[in-house]
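Encoded as structure tokens, the structure appears first; notes follow it.
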Amino acid sequence: AFTGIGWISGVRAGMTEMWGGRVQRNAVMSKVWDLITFAGLGVAFALTMAITALGNSGLTRAVLGWVGLDEASWAPVLVRLVSFAVSILATWGLFTFVMARLPLVRLPFRNTLKAGLITAVAFEIVKAIGGLYLESVLSSPAGVAFGPILGVMVFAYLASRIVLYAAAWCATDP
């Protein structure tokens, strides 16, 4: 939790600085709000990852079998495309909200829509590569022990970089 609070605080400070604002806050209440924000974003990220995972899981084959489309060659492809599109839409909404509300300088949603979309696409690419990484790492005993931890650390690093680059682009976009 302390690492999450520090991460949210650092990303919030970086984004606030990009928009040219320095705001003094109560130290205790800022940590409480950062913890609430971290928990909320964690749930939202988990939901977007679940949407992506559902489109690529065996559950989709079972559902297609229940509705009688398991023999159709186009059905799994369509389900994956729809899952990918829904995941991008959910992630777009999430990152648009993050870009507009995480900095201490309030921004209109309209200004953050393009940056949120580009962030969502980049985030989906990172999630896909992360899935491939986990598949390859979990085949060895050392990978089982250390692979997920390293993967989460790299994922958090890349996610914060993606958000900060998109925020910088959004701040300089006319």
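The values are calculated or read from the model by the stated rules, or taken from the named source; none is laboratory data. Quick caveat, the model's predicted, so the values are computed rather than measured. We place every Cβ from the backbone using ideal geometry, glycine too, and count neighbours over all the protein chains shown. Just so you know, the surface numbers come from the protein's heavy atoms only, side chains and all, with ligands and any DNA or RNA stripped out. Shrake-Rupley method; radii C 1.70, N 1.55, O 1.52, S 1.80 Å.
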Normalised convex hull volume, region 124-174, alpha-carbon set, Å³ per residue: 47
Tail weight of P(r) past 11 Å, computed on alpha-carbon pairs of region 41-82, percent: 65
Å² of accessible area per residue within the chain, as computed with a 1.4 Å probe and no ligands counted: 61
log₁₀ of I(q)/I(0) at q = 0.11, 0.20 Å⁻¹ - the chain, Debye sum with one point per alpha carbon: -0.56, -1.32
Separation of the MET153 and LEU59 label points, Cα + 7 Å toward Cβ, nm: 3.1
Helix-only mean residue ellipticity at 222 nm for the chain, each DSSP H run of n ≥ 4 adding -39500 (n - 2.57), per residue, nearest 500: -29000 deg cm²/dmol
0 to 90° range, to nearest 10: angle between helix 109-137 axis and the chain longest Cα axis: 50
Portion, in percent, of the accessible area of region 126-174 that falls on carbon or sulfur, probe 1.4 Å: 77
Distant-in-sequence amide H partners of LEU104 (H built 1.01 Å from N, under 5 Å): THR16
Whole-percent carbon and sulfur share, accessible surface of region 19-95, 1.4 Å: 74
Between region 121-146 and region 53-110, the Cα center-to-center distance that results, in Å: 19
